[in-house]
Structure formats: C-alpha cells, structure tokens
Amino acid sequence: MAPDAVSNGERSAFVRRTLRAAPRVGEIQLDGRLDDAAWQGASVASGFVQRLPVEGAPAKEQTEVRVLIDGSAVWVGARMYDREPHTIARQVVRRDQDAQADYIEVAFDSNLDRRTGFLFRVSAANVQRDEYIFDDNERDRAWDAVWSSAVAFDSLGWTAELRIPLSQLRFRDSDEAQEWGVNFARRRVRTNEETHFALVSRLQRGLVSQFGQLQGVTVRGARRLELRPYVLGSLFRGTGEPGNPFRTGRDHGSRLGADVRIGLGGQFTLDATVNPDFGQVEADPAVINLSAFEQFFEERRPFFVEDARIFDFSLSGGRNRLYYSRRMGRAPRGSAPEGALFADIPTSTDILGAAKLTGRTTRGLSLGLLAAVTQQADGQTYLSEAQPTRAFLVEPRAESGVLRARQDFNGGASTIGLIGTALRRDLPSDGSFDFLPASAFNGGIDWEHQWRDRTWAFFGYVAGSHVRGDSIAMLRIQTASNHFFQRPDSRTLGVDSSARAMSGVDWRMTLEKRRGAHWTGSVWAAEVTPGFEVNDAGFSTRQEVLDGGARVQYREITPGQLLRSYTVSASTFHNWSHDAVAGGASAAAWGRAHVGGAVQLNANLEFNNFWRLEANAQAHPEMVDRVGTRGGPLMLQPRSFDMRLSLRTDSRARLALEPSVFARRNALGGGDEFQGALEITLRPSARLAIEVEPRFTRASIGAQYVATADGTDFAPTYGSRYLFGEVARRELALPTRINAAFSPTLSFQLFAQPLLSSGDYANYKQLAAASSFRFTRFGEGRAQENGGAVRCQGGGTCVDADLVRHFDLDGDGRSDFTVDEQDFNVRSLIGNAVVRWEYRPGSTIFLVWQRRQRSDIVRGDFVMRRDWAAMMRAPTDNTFLVKVSYWLPL
C-alpha cells in the first residue's frame with residue numbers, strides 16, 4: 001500500500017489506496033488502549049504522507065489505523081507514534097471548536113458516491129468534532145452525531161479508540177460485502193504537519209473524491225429512533241418604563257418540548273419537533289447599517305442548521321440564496337394601532353411545528369423536504385386608563401416548505417438538482433396586511449459537470465420566482481430597494497400599480513479550471529431579470545443586472561528559501577443594467593448602464609516560519625449608481641481604489657497576532673475610509689483561550705442619502721429634490737471571546753461586543769442633475785421661529801430646538817421640508833455567557849446569561865471616554881436561561 005505518487009504537483013498513475021475492515025471478534029474496552037485481542041487481527045493502514053507542510057513528502061512520524069465492524073458500530077483504533085510524547089499538544093476546548101491540539105480523524109464515504117462523507121475527529125485531549133461533507137468539498141460543521149472515544153498515552157506516543165454507531169451513518173443495507181470510501185488524517189501541532197492515508201491534494205478540488213477504499217464492509221441497517229425531550233426556563237430582569245404595563249422590568253417563562261429523529265431504512269432520516277425551542281444561544285452582532293439593503297445574519301437555531309445543507313441553493317452576489325431559513329419565525333411586520341400609548345410586539349413569530357426529511361438513495365439521489373407552520377402573532381396595546389390592554393395582529397399565520405433534490409452521476413463528478421419553495425399566508429379579510437404577498441413560490445435547477453479527472457468543470461443554475469397578492473403588496477415590492485421600478489430615468493422599468501403578481505429569473509453559468517500544478521481560473525456570465533423577487537422565502541439584495549467576469553490564479557506549494565507556499569490571482573467583473581440593451585445596444589448605452597465593476601489583485605503568502613501575509617487591491621472605474629437616490633434618477637459613482645493588508649503570526653503560539661488595515665479612496669470628493677484591526681489570541685493554558693479583536697474605523701461619506709422632497713418641480717432631477725449630507729463616521733468595536741474548558745464535556749464561553757459608533761452629518765446638499773455627482777449646497781443657518789413658522793437665518797438648512805432639521809428649498813428663507821436631525825451616537829454592549837455540560841452522550845445542560853445595553857443620542861461627535869461611560873451606564877436587559885435536554889435512543 002504505497003502512497004500515491006506525486007510529481008511536479010500532478011498525480012501520476014493514481015492508484016486509490018485500500019484497507020480491509022475486519023469483523024470484531026471479542027470484546028473491546030473503550031479506554032484508548034489498543035491492548036484488546038480484537039485489534040490484533042485487523043489490517044493496518046499506514047504509510048501516511050504529508051499534505052502540509054510539504055505535499056507528498058513522507059510523514060515524519062508513523063501512524064497506524066485499524067477498522068473493525070460489528071452489528072451495531074464501526075470501531076477505529078489508531079496509534080500515533082511520536083518520539084517526543086511530552087510535546088503532544090492537548091488543548092482542551094468545547095466540542096466541535098478549533099484547537100491547537102494533535103488529532104486523528106477518520107472519514108467514511110459510506111455511500112461510495114465520491115461526494116458525501118461523515119468525518120469524526122478526536123484530539124489528544126479527547127475532544128470530539130464531527131462534520132458532514134457534501135458536494136465533495138463543502139463541510140457542514142453543524143452536523144452532530146453521538147459517538148464515543150477515548151485516548152491514552154505511553155512512551156511510543158498516543159493512541160485512540162473510537163466507537164461510531166451505525167445509526168449515525170447512512171449506507172446501503174445489504175447482507176453482501178460492500179465498499180466504502182475512507183480516509184484518515186493526523187495533525188501534529190509541534191511540526192504543523194498534516195498527514196493523510198490517502199493524500200487529499202491541495203492542487204485538486206475535492207475531498208471525498210480523493211478518499212481511499214474500505215473493503216470488506218458487511219453491515220445491516222441499524223434501528224434509528226431517537227427522542228430528545230427538553231425543558232427550558234427563563235428569567236428576565238431589565239429596566240422598567242414608568243406607566244408602561246408591558247415594560248415592568250420583570251418577566252419569566254418556561255417551555256417543554258421534544259425533538260424526534262426517526263431512521264427510515266439506512267438512508268433517510270425524519271426529524272420532527274413538538275413545541276420546538278427555536279432560540280439561539282449566541283446573539284446576532286450589533287451592526288450600524290446606512291445602506292439601502294437588509295442586513296444578512298447567519299442561521300444559528302439548531303433545527304435549521306442540523307442536516308440542512310441539502311437545502312443550500314446559492315445565488316450570485318454575496319450571501320444571496322433561494323432559501324433562507326430565518327424567514328421562518330421572522331420578526332413580525334405589523335405595527336401598533338394609531339393612538340396607542342404603549343405596545344408590546346414579539347420579536348419573532350412562534351413556530352407551531354416543523355419537520356424535515358433528509359437522505360440519499362443508493363443510486364445517488366439526495367432528497368430534502370422541510371415544512372413549518374408559524375402561528376399568528378399578536379401584540380398587546382395600551383390605549384388609556386379607561387381602555388384595558390387589547391390584542392392586535394402583527395403577523396398572520398403562515399405555512400412554508402422547501403423541497404430539494406439532487407442526482408449524482410458520472411462517478412460523483414457530475415450532478416443535476418432542483419429546488420422548490422412555497423409560502424402561503426392567511427391574510428385577514430380587512431385588508432390590514434395586504435402589503436404582504438398572499439403567496440410566494442421560488443424554484444430552480446442547478447448543475448455541475450466535471451471532466452478530465454475533475455480538472456475542468458461547467459456549473460451554474462437557473463432560478464425563478466413568482467409572488468402573488470394585492471396590488472398594495474406588489475407596489476411595495478416594485479418600489480423596494482432591490483427593484484426601484486419607480487426610477488424616472490429608466491429605459492426598461494416602470495411601476496404597475498394594478499399588478500397582482502410578479503415573476504422573474506436569475507441565472508449564472510461558470511466554466512472553471514480546477515486542477516493544475518500552478519494555473520487555475522474561471523469565466524462566468526449571469527443575469528437577474530427585473531421581476532426576480534425571492535425575499536419571502538429566500539434572501540437577495542441584487543437588482544436586475546447583466547453580469548460577466550473572469551479570474552486567473554497561480555499557486556506554488558513547493559517550499560522555497562523564503563516561502564512555504566503562495567497564491568496570486570487577478571480577477572475582474574462588470575455589471576450592467578438592462579438599459580444597456582433597451583431600444584438597441586450601443587457603446588454609449590452600455591456605458592450609461594455600467595452599474596458595477598472592479599479589477600482585483602490578490603496575494604496570499606505563507607512564510608517558512610508559518611506566518612501568513614494576505615494582500616488585496618481593487619480598482620473600481622467610474623460608474624452609475626442606481627441606489628444612491630433611493631428610487632430616484634441615476635447618479636454618478638466616482639471611481640475608487642481600495643487596499644487590504646493583513647499579517648498573521650504562527651497560530652500555534654501561545655500568543656498569536658493578526659494585524660490588518662483597510663483603506664479606500666474615492667475620487668470627486670466621494671469620501672474615504674480607513675480601518676485598523678488587531679486580532680489577539682492568547683492561550684495562557686491548555687484549558688483557557690482568550691480572543692480580542694479591537695477594530696477602529698474612520699470614514700467620510702461624500703454623499704449619504706437623507707431624504708427626497710417630492711413635488712418641488714425641480715426639472716434637473718425629474719421634479720423631486722434628492723437631499724444628501726457629508727458624514728464623518730467613527731466606530732470602535734471590541735469583540736471579545738473567552739473559552740474555558742474544564743473537561744471535554746464541560747465548558748464555559750463568554751462573548752462580549754462593545755460597540756461605539758458615531759455619524760456627524762454636515763454640508764447638506766441636493767443633487768444638481770441626474771447622472772452626475774454635482775451638488776448644490778444649502779449652507780448651515782440658525783433656526784428662528786416666528787408665529788409658528790421656522791426660518792433658517794443665514795443659510796439654507798438649520799436645526800430647531802426639537803432636533804428637527806429644516807430645508808429652505810426655494811431660497812425665500814422659509815422652511816419647505818423637514819427631517820429628523822441625522823447625527824447619531826450608538827453605544828451598545830451585547831454579551832452572552834454559556835456553560836455547557838454534556839452529562840451523558842447526546843444529553844446537555846445549558847446555563848445562559850444574555851446581557852444587552854444600548855444608549856442612542858443625536859450628537860454625532862466621537863469621544864471615546866464619554867461614550868464608553870455612557871455605554872456602561874445604559875439601560876440593561878438581563879436574560880437568564882436554563883435548558884436541559886436528554887438524548888434517548890430507542
């Protein structure tokens with residue numbers, strides 16, 4: 001079983017490595033020692049080779065792995081030789097967390113599809129980690145299995161035993177011997193060495209497709225029925241509000257429910273939940289969003305992240321996707337009735353129940369089906385002492401679901417898949433929620449085809465959307481920031497106030513060279529049509545667009561005198577609106593429709609001392625901005641240049657640092673930005689890690705949208721005036737994490753994010769003409785009130801005593817338009833403390849403390865000492881949670 005040959009970065013005469021599994025004969029005491037007689041007759045996997053730091057070189061220390069199988073579990077025994085056993089790294093962390101620790105891992109492709117796998121890792125401190133591998137190259141770190149392990153040490157190094165129940169794997173149920181894909185990997189922290197049984201080359205995309213072969217596997221489907229009941233108690237203590245019956249500063253609650261997991265044969269799993277707990281332990285980060293678009297937050301709720309990667313269907317443009325699970329149980333969109341003195345509106349809608357079916361057939365068809373019902377959400381309002389509190393609707397009941405299927409063929413090198421999502425709302429007949437679509441449907445087809453031993457790939461998708469509802473809902477969608485159909489200078493868009501449905505398409509196709517000793521690259525084309533709208537079930541901030549781009553990359557993984565490896569790449573992309581092809585295409589039309597683009601250079605260098613340097617530079621040409629006027633005419637977007645640079649020291653050290661800087665400069669006075677950050681990781685002991693990342697941002701925005709004054713007959717901008725301000729931004733963030741592990745099953749984690757942010761608006765102005773970056777300044781004056789009317793003395797804009805900003809649009813000295821003063825200071829502190837105890841396999845106790853403090857004022861200047869003190873004195877909300885779950889295999 002010689003290791004794969006490696007020559008000039010390419011595999012030569014590739015032969016897949018094999019290992020034969022043996023039946024377990026005799027008992028095994030799971031103590032980490034390989035002294036039981038059952039291990040002696042097993043075949044040995046050895047001859048590991050390096051993936052890091054020198055790909056293809058022999059391992060500096062030997063590793064031997066054995067695999068046994070019985071009627072209920074797969075047993076793995078591993079010996080990791082080490083001539084200096086006292087240097088074996090044993091950092092203790094919470095399960096599934098990254099650690100600077102030696103480890104051994106095993107991965108099974110139990111379907112032998114060369115695309116999916118189950119990975120199990122145990123560190124020298126006996127900390128477990130498991131992952132589900134999908135699409136050959138992607139990892140789902142939220143996947144959790146219930147398995148057992150033990151480690152031991154002796155003069156030869158260390159040993160590990162793993163018992164992985166068959167109920168945690170998916171495989172073909174057969175009395176005949178079958179083959180699985182398999183691989184083993186080992187890491188030694190002292191030498192920063194990663195070695196493999198079957199080399200997973202860095203020069204080739206894919207993990208599972210490079211696995212070895214496990215022969216002689218004889219297994220029958222194990223019974224899989226798991227019940228996980230839970231009980232949750234909560235206590236709230238916060239700042240009360242005088243006279244507000246809903247904000248007394250005290251509250252408590254409890255919840256009882258259960259999750260059920262049922263194995264359907266050896267390949268499929270049905271997950272159902274009764275009275276589910278859809279809370280999340282870690283809070284969303286605080287964000288100051290001055291853009292026109294919704295902020296994206298990662299899914300953290302356990303039900304939606306476990307076994308859920310089958311539902312992934314990514315779209316072009318950042319985090320856009322056809323299915324976004326946080327739409328289920330989202331924050332209500334209703335508001336309190338007019339005249340309410342106080343109101344209590346829930347922060348999320350309750351999910352009555354949810355179920356999902358996931359699995360994969362023996363013929364390579366992956367299936368996923370998820371359905372959820374969200375309950376009608378009601379708020380409470382207090383109108384007056386004479387009128388008691390009464391309920392009002394803030395979100396109607398809804399049913400939603402998603403179906404995903406994907407078929408593999410060509411030995412796992414090619415796939416074709418489809419997805420469909422559906423949403424139906426039970427809207428009230430009084431029309432109060434006609435601003436929401438009554439139903440929404442999304443669908444798509446995606447594919448990937450690889451050839452020449454996975455060197456080349458052609459992949460892409462075609463997605464469609466269809467929403468239906470009242471014309472009020474359709475009007476709201478058409479005028480939203482991801483559409484802006486009301487733009488007066490568009491050659492292709494227009495608002496249809498009578499529409500009751502809306503449809504659109506999004507597609508993308510990419511040709512990519514994925515494998516090579518040095519050179520890889522790709523080219524792509526894409527389009528989003530104007531009516532594409534997925535945000536009832538998915539997430540997308542992308543407007544209609546024509547898109548194209550290319551990337552080329554050079555990499556070297558053979559160590560030299562200075563560098564251990566490096567990668568250099570260049571790319572470019574360009575976006576145009578459909579105005580480019582409306583009424584006959586021309587060079588001038590394409591230029592007027594150029595809405596996005598950049599030329600980018602990247603470099604990633606790893607030095608021989610394991611330090612890393614990353615550099616990125618981007619140049620953006622002069623383009624047009626469809627968003628700046630928030631639905632008004634186009635304006636010019638000045639050319640800009642930005643650069644990012646970061647240096648990371650050796651991550652194995654007790655103290656690791658990663659300083660980084662970012663700088664951007666815009667032409668025509670469009671503003672600039674500088675950000676400096678320093679990520680500090682300190683490990684005082686093997687059981688304690690502290691991470692702090694102070695980050696300071698200083699930015700100027702040359703034209704930040706403020707408001708639109710309609711009906712002013714200003715012809716250069718189509719009858720309306722678009723008001724802007726110049727903003728001086730300052731922001732200090734200090735995310736901090738403390739991780740303490742008392743044992744592999746008992747841990748404490750603290751997360752805190754202090755945030756001080758300010759925005760000082762000045763030099764208010766209006767856009768002078770469409771498709772330009774020219775402005776007419778108002779000049780700052782003093783507010784004078786005379787007979788109830790406000791005049792701006794000495795300027796075209798002023799602020800009164802009530803912090804209302806007035807604009808004199810026609811120069812007669814009188815206020816014609818008002819907005820709230822725009823200056824802001826945000827002082828926020830978000831914190832979570834979590835104690836997690838896995839008191840038996842699969843069963844946990846959580847003790848959680850959540851703290852939130854926030855103070856906002858209209859000021860605009862940044863004074864760190866003052867703002868920090870104000871943050872610490874801000875009103876405080878404390879929530880205490882206790883959750884106990886019990887895993888019961890039946």
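The values are calculated or read from the model by the stated rules, or taken from the named source; none is laboratory data. Given the structure is predicted, the values throughout are model-derived calculations rather than measurements. When we count neighbours, we look across all protein chains shown, and the Cβ atoms used for this are built from the backbone with ideal geometry, even at glycine. Ligands, DNA and RNA are excluded from the accessible area calculation, which covers all protein heavy atoms including side chains. Shrake-Rupley method; radii C 1.70, N 1.55, O 1.52, S 1.80 Å.
Taking amide H as placed 1.01 Å from N in the peptide plane, the amide H of Val182 sits under 5 Å from that of Asp109, Gly212, Gln213, Leu214, each at least 5 places away or on another chain.
For the range 733-841, the list of GluC sites (Glu not before Pro) that fall in a loop by DSSP and count at most 13 other C-beta atoms within 10 angstrom is empty.
Entry note, the chain: relative contact order of 8 percent, from Cα contacts under 8 Å with a spacing of 6+ residues. Quantify, in whole percent, the carbon and sulfur part of the accessible surface of the chain (1.4 Å probe; protein heavy atoms only). Heavy-atom surface of the chain belonging to carbon and sulfur, 1.4 Å probe: 54 percent. Placing a label point 7 Å from the Cα of Ala152 along the Cα-to-Cβ direction, no residue of the range 101-117 has its backbone N under 13 Å from that point.
Express in whole angstrom the spacing between the alpha-carbon centres of the range 122-194 and the range 394-413. Between the Cα centre of the range 122-194 and that of the range 394-413, the gap is 29 Å. Relative to the longest principal Cα axis of the chain, at what angle does helix 864-873 sit, 0 to 90 degrees, rounded to 10? Computed tilt is about 80 degrees.
Based on the Kirkwood radius over alpha-carbon pairs, what is the Stokes-Einstein translational diffusion coefficient of the range 18-223 at 4 °C with 1.567 mPa s viscosity, in µm²/s?
Calculated translational D: 76 µm²/s.
Could you pull out which residues in the range 209-244 have an amide N less than 18 Å from a spot 7 Å beyond the Cα of Arg873, following the Cα-Cβ vector? The answer is 239-240. The gain in end-to-end length when the Asp98 to His518 segment is fully stretched comes to 148.2 nm, 0.36 nm per residue minus the alpha carbon separation.
Taking all C-alpha pairs of the range 429-551, those more than 16 Å from each other amount to 67 percent. Annotation: peptides 660-671, 722-733, ranked by per-residue average of other Cβ atoms within 10 Å with the highest first, follow the order 722-733, 660-671. Taking 7 Å steps out from each Cα toward its Cβ at Glu241 and Thr572 produces label points 5.5 nm apart.
For the peptides 576-589, 317-330, the ranking by mean Cβ contacts within 10 Å, running from highest to lowest, is 317-330, 576-589.
The phi torsions of the range 765-780, fed into the Karplus equation with coefficients 6.51, -1.76 and 1.60 and a -60° offset, translate into couplings of 7, 10, 5, 7, 7, 5, 6, 10, 10, 9, 9, 10, 7, 8, x, 7 Hz, rounded to whole numbers, with Gly and Pro shown as x. Model label points for Leu847 and Leu256, set 7 angstrom from Cα along the Cα-to-Cβ axis, are 2.4 nm apart. Paramagnetic label reach from Ala405 (point 7 Å along Cα→Cβ; backbone nitrogen cut-off under 16 Å): within the range 432-449, residues 443-447. Note on Val54 and Ser348: with the Förster distance fixed at 45 Å, the Cβ-Cβ geometry gives a FRET efficiency of about 0.30. Pairwise Cα distances in the range 652-788 exceed 19 Å for 68 percent of all pairs. In this structure, the amide hydrogen of Gly669, modeled 1.01 Å from its nitrogen in the peptide plane, lies closer than 5 angstrom to no residue at least 5 positions away or on a different chain.
One decimal place: the segment Ala588-Leu678 gains 27.8 nm when fully extended, by the rule 0.36 nm per residue minus the C-alpha distance.
So if R0 is 30 Å, what FRET efficiency would Arg500 and Gln376 give, r being the distance between their Cβ atoms, rounded to the nearest 0.05? Could you put the intermediate results ahead of the total?
Numbers: r = 24 Å, r/R0 = 0.79.
After rounding, the FRET efficiency stands at 0.80.
Once the Cβ-Cβ distance of Asp650 and Ala525 is raised to the sixth power relative to R0 = 51 Å, the FRET efficiency obtained is 0.75. Here Lys883 is the anchor, and the aspartates and glutamates within straight C-alpha reach of less than 15 Å, apart from those fewer than 8 places off in the same chain, are Asp259, Asp277, Glu282, Glu838. Size of the chain from its Cα atoms: along the principal axes, largest to smallest, the extents are 100, 68, 54 Å.
Could you size up the charge dipole of the range 18-223 around its Cα centre, putting +1 on the beta carbon of Lys and Arg and -1 on that of Asp and Glu, and report it in debye to the nearest 20?
Numbers: 28 positive and 31 negative charges, 59 e Å.
So the dipole magnitude of the range 18-223 works out to roughly 280 debye.
Here the gap between Arg737 and Asp426, fully extended at 0.36 nm per residue and compared with their Cα-Cα distance, gives a gain of 107.7 nm. In sequence order, the range 89-94 has phi-based couplings of 7, 9, 4, 9, 9, 5 Hz under the Karplus curve 6.51 cos²θ - 1.76 cosθ + 1.60, θ = phi - 60°, and Gly or Pro positions carry x.
Scanning residues 5 or more positions from Val92 or on other chains, those with amide H under 5 Å from its amide H are Arg687, with H placed 1.01 Å from N in the peptide plane.
Karplus-derived 3J(HN,Hα) values for the range 21-30, using 6.51 cos²θ - 1.76 cosθ + 1.60 with θ = phi - 60°, are 7, 10, x, 6, 10, x, 7, 10, 8, 6 Hz; glycine and proline are entered as x.
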